[in-house]
Amino acid sequence: MLEYFQTQLEEVIEEAAPVERLTHEEHLECFFYSEAEAADRLGIHRTTLRSLALAGKAPVEPIPLTDHRRVYRRIDIHRLAGIEP
């Protein structure tokens, strides 16, 4: 009986499409927008979004990666822009 299930499992594995592994940066892109992407989704210029974020007046909270690079949570941008996730 165990051999039967082992054979079935091997057949399923053989038929399954190979899974591509995401790089760390690609994985992060699933959850975050760059400053330019976030501004584009919100319909404003990226410098406007950056100015608001640096002044603490942005409608969404930026996540600083470096002194000059910020990302924004995709879900927050979608909520604010009225886009379905």
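The values are calculated or read from the model by the stated rules, or taken from the named source; none is laboratory data. Quick caveat, the model's predicted, so the values are computed rather than measured. Reconstructed Cβ throughout: ideal geometry from the backbone, glycine too, with neighbour counts over all protein chains shown.
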* Asked: Scanning for something of a type outside the set (D, E, K, R), at pLDDT below 90 and surrounded by 10 or more Cβ atoms within 10 Å (Cβ to Cβ), does the range 15-25 turn up at least one residue?
  -> yes
* Restrict the check to the range 30-52 and report whether at least one residue is surrounded by 12 or more Cβ atoms within 10 Å (Cβ to Cβ), in contact with a Phe, Trp or Tyr (Cβ under 9 Å, 6 or more places away or on another chain) and in a loop (DSSP other than H, G, I, E, B). => no
* To do: Find the residue count for the range 62-75, including only residues that are in contact with a helix residue (DSSP H, G or I) (Cβ under 8 Å, 6 or more places away or on another chain) and loosely packed, with under 12 Cβ neighbours inside 10 Å.
  => 1
* Asked: Across the range 57-85, what is the number of residues that are assigned to a loop (DSSP other than H, G, I, E, B) and among the aliphatic types (A, V, I, L, M)?
  -> 4
